[in-house]
Amino acid sequence: MLGLIGPNGAGKTTLFECIAGLTPVESGVVEFRAEVLTAADRKERLYYMPDAIRPWPDQTVRWVLRFFEKLFRRTKGEGAGLAESLKLDSVMRTSIGSLSKGELKRVHLALGLLTPHPLLLLDEPFDGLDYRQARDVMALLRTYPKGRTLFLSIHQLTDAARVCDRLVLLSKGHVAGEGSLPELRQKAGLSDGGLEEVFLALT
């Protein structure tokens, strides 16, 4: 679980779009297991779930989950199982275009977890969720990866500290630090303190 941490406007979404090959870059490369990936190659290795999109807005949640099951050859019923874990049972017959922000965010998460790619990029997976929903999502993410890497863009520092194994601190488009919380705390010269104190010290 790798967290990309920074305030709104720090460049988190831009970085994700560059990694995914959606935004052109002037320099740098993306490597996977020592292999340089072209923008076209990345679709086989990573899946990027953007924030605030509404795929197939006229279709129901059930239809979209079943479509992803078939598209990625997942076990039948896996989408429904994720919907149950994410407490989406009550909106299965609701169109994607009619979902609330929190409901849509949980559908995004279910769709991302149905993909088989070894690297899953999720943009703001906790945005729009209340405390209980965010806690449930964190618990699911902790049990579901099964050997894949989740790269989460998060601006809520408390959420990031609770769910991420390692962190990349982004400030004004630049990486201010990378590592586990104890490693970042050491880099910041702090003997203790949470992620907020570390972020402020390094940026």
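For the reader, a short list of remarks on this structure follows.
- Conditions (1) touching a residue at least 60 places away in the same chain (Cβ under 8 Å); (2) within 13 Å of Gly3 (Cβ to Cβ): number failed by Ser171: (2)
- The stretch 106-123 - residue that is assigned to a helix (DSSP H, G or I) and not hydrophobic (A, V, I, L, M, F, W, C) and, of those, surrounded by the most Cβ atoms within 10 Å (Cβ to Cβ): Arg106
- Among the residues of the stretch 127-136, some residue qualifies, meaning at least one is surrounded by fewer than 21 Cβ atoms within 10 Å (Cβ to Cβ) and within 17 Å of Thr13 (Cα to Cα).
Rundown of residues vs (1) more than 19 Å from Ala134 (Cβ to Cβ); (2) among the acidic types (Asp, Glu); (3) in contact with a Gly (Cβ under 8 Å, 6 or more places away or on another chain); (4) modelled with pLDDT of 95 or more, yes/no style:
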position: Trp56; (1), (2), (3), (4): yes, no, no, yes
position: Phe68; (1), (2), (3), (4): yes, no, yes, yes
position: Gly77; (1), (2), (3), (4): yes, no, no, no
position: Leu88; (1), (2), (3), (4): no, no, no, yes
position: Met92; (1), (2), (3), (4): yes, no, no, yes
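- Those residues of the stretch 1-21 which are more than 15 Å from Leu120 (Cα to Cα) and either of a type in the set (A, V, I, L, M) or assigned to a strand (DSSP E or B) (or both), in sequence order: Ile5, Ala10
- Odd one out for Glu44 among (1) part of a helix (DSSP H, G or I); (2) without any contact (Cβ under 8 Å) to a residue 40 or more places away in the chain: (2)
- Looking across the stretch 131-161, the residues that are modelled with pLDDT of 90 or more, touching a Gly at 6+ places or on another chain (Cβ under 9 Å), more than 20 Å from Gly79 (Cβ to Cβ) and not in a helix (DSSP H, G or I) come down to Phe151, Leu152, Ser153, Ile154.
- Test for Arg132: is it among the basic types (Lys, Arg), within 27 Å of Pro57 (Cα to Cα) and over 12 Å from the mean Cα position of the chain (by Cα): yes
- Residues in the stretch 97-128 that are of a type in the set (Asp, Glu) and closer than 18 Å to Arg45 by Cα: Asp123 alone.
- So Glu103, is it assigned to a helix (DSSP H, G or I), touching a helix residue (DSSP H, G or I) at 6+ places or on another chain (Cβ under 7 Å) and within 24 Å of Arg142 (Cα to Cα): yes
- Any hit, the stretch 22-35, residues being over 16 Å from Glu124 (Cα atoms), buried (at least 17 other Cβ atoms within 10 Å of the Cβ), β-branched (Val, Ile, Thr) and free of Cβ contacts under 8 Å to residues at least 60 places away in the same chain: yes
- Close pairs from the stretch 185-203: first hydroxyl-bearing (Ser, Thr, Tyr), partner in a helix (DSSP H, G or I), Cβ under 9 Å, at least 6 apart: Ser191/Arg185
- Leading residue by the ranking (nearest to Asp51 (Cα to Cα)) among those in the stretch 78-100 that are aliphatic (A, V, I, L, M) and not in a loop (DSSP other than H, G, I, E, B): Ile96
The values are calculated or read from the model by the stated rules, or taken from the named source; none is laboratory data. These numbers come from a predicted model, not from an experiment. Here the Cβ is made from the backbone with ideal geometry for all residues, glycine too, and neighbour counts use every protein chain on show.
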